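Where a number appears in this text, it was derived from the coordinates with a stated rule and is not lab data. No experiment lies behind these values; they were computed from the predicted model shown. Note that each Cβ is placed from the backbone with ideal geometry, even for glycine, and that neighbours are counted across all protein chains shown.
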């Protein structure tokens, strides 16, 4: 089969051109072999860092696949894992031979394992659980061996159901305690425990029903992506329906609330909030929140843990003006119910905008520019560009005679490379901004060619863990030039790679009966700073670090992934600027560190961050209800205390630029959104500290 399906990729004028091959009529097994060989040949020829197909590769792909298949160790037994381990060092051989013996075995064993558990789980939920005795469960599969036999498997599942029931029982007791309506009858713990058990049963009814419907093609995509992800986490195979879903997620938002979601094990996790959308306006929903329940208005909430993300989306979507209530698990372990009124996304909120912050006599006026993403409309001549828009905001701020400018790139996931080059050039004379390198040949240097400097005053760029790609390029360039002080969390995201989609159908001419084959998303280039270092993996380390809730977590952003491309460096390019200097950076940094050390809110953030680290590490969970409730109450008290402090206004004088008011006042909805935005800025402790940094910069300069 290998000789018959041997294909090749070639890159020509930026397009993927495949050799035209003819195949006789093919069955499904042959189609899968064609997909595998086309995929691997493309990866080895076009990927930035091709990987050798050997035993080391095989072991990595094996472990990745098994972990994704049963990372919690709750379906397979040890004997089944031993059967699969016979192929631990043979996946490379199977790829070369175009065979799927390992995948076929895993598919059959996993299907049997699901049937086995679905056959006994209801019996484990028939009797009440006793939460009064000391007991615990290890929730991290990596810290538990696979069950030796079915008896151990059942024992694990009984504990697992006890754990899930306890969490729901605790929530029900909390809801009952907080019930304001005295006419509502209080329920006893046995009744609430029965309701909680029933909710767990219904959740697993849905889970096993869904799993029973999984097709071979679904599992095959998982297997192929375990192989592609050994190259790097952003390289992957997209079956036709997966590519369609990807296109929908990239082109817009989840209709209804304006948030993007992704699967995270058992949960559906918020991956980003769309500026201007209902969730953004409501302010309660945050990145990394895990959605556990969805309710339509005042109706009973539906448990959505274990559901596919596309099924969860169906419950979240709805008509404009209706209310959906999301029960979410926050990163600090607390649970919140967040009501969101469904609405259309306000596209304008995704664009650059600015404010004036009056600081008093010491600095005077400071300009603040918020850029949610590096947007660019490539489809229309003269389409909107973030570089052009930021240049306009800078001009408006200069007209107001500001004594410093803050550019806020927090949570900005990137976008147009062309615009980040032009935007960085607003603050320096002409010069290189970023280097882009393919696996072969010299790096391409992208430069600002405009000698004008639109703004030459004090400049601070704000970033955080979710500032990625283009945001990192801009922060890195201005840091390397010594043109701005970069302020933020321990580091930015660390995604310094470029991907492109290639259609596998181009490998075969005709024979539409086996198409579509899907597409492959390939990492083909890497970004490098002008100083020669990559933004990959390390990200950009700010000049001044301000603590956030992830302060003590080391494996965030790109580091969270398996097999990310390594940090590397190439030759630097010549760069310099004579606009301004940061000779006093060490003094400014020391002053900021001193303030943070004595700031009550920042110290509370550090305590919360330490608690979060401890929670991540302590995966052995109690099954004693009193102990669990005590732990949950402590989290809730700390959370409420922080929220109370976070609601304080710390920046009293924030206003719009005068020329913007005419447009804002034309529309009541714009006025309301503008008022909300200004209120949020006034409470932002990070901006408050950046203003202090700006004061120290101007003082020394």
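Remarks
- Sequence of 669, 217 once ranked by neighbouring C-beta atoms within 10 Å, starting from the fewest: 669, 217
- Here the residues 694, 307, 604, 423, ranked from fewest to most Cβ neighbours within 10 Å of their Cβ, fall in the order 604, 307, 694, 423.
- Alpha-carbon Debye profile of the stretch 634-693, log10 I(q)/I(0) at 0.20, 0.29 Å⁻¹: -0.83, -1.11
- Residues 670, 648 arranged by fewest to most Cβ contacts within 10 Å: 648, 670
- For the chain, average projected area of the Cα convex hull in nm²: 33.3
- Packing rank of 362-370, 490-498, where each peptide gets the mean count of other beta carbons within 10 Å, highest leading: 490-498, 362-370
- Mean separation of Cα contacts under 8 Å, 6 or more apart, over the residue count of the stretch 253-341: relative contact order %: 28
- Average projection, convex hull of the Cα set of the stretch 52-230: 12.7 square nanometres.
- Listed peptides 524-534, 200-210 by packing density, highest first (mean Cβ within 10 Å): 524-534, 200-210
- At R0 = 51 Å, FRET efficiency that the Cβ-Cβ distance of residue 149 and residue 174 yields, to 0.05: 0.85
- Förster radius 45 Å - calculated FRET efficiency between residue 68 and residue 661, Cβ distance, rounded to 0.05: 0.30
- The stretch between residue 93 and residue 29, if pulled fully straight at 0.36 nm per residue, gains 21.3 nm over its current Cα-Cα span.
- Between residue 515 and residue 323, the FRET efficiency from the beta-carbon distance, with R0 = 35 Å, is close to 0.20.
- Gyration tensor (alpha-carbon) shape descriptor, the stretch 253-341, a/c threshold 1.5: rounded
- Working from Cα pairs under 8 Å separated by at least six residues, relative contact order for the stretch 52-230 is 32 percent.
- Ordering of 115-127, 475-487 by packing [mean C-beta count within 10 Å, highest first]: 475-487, 115-127
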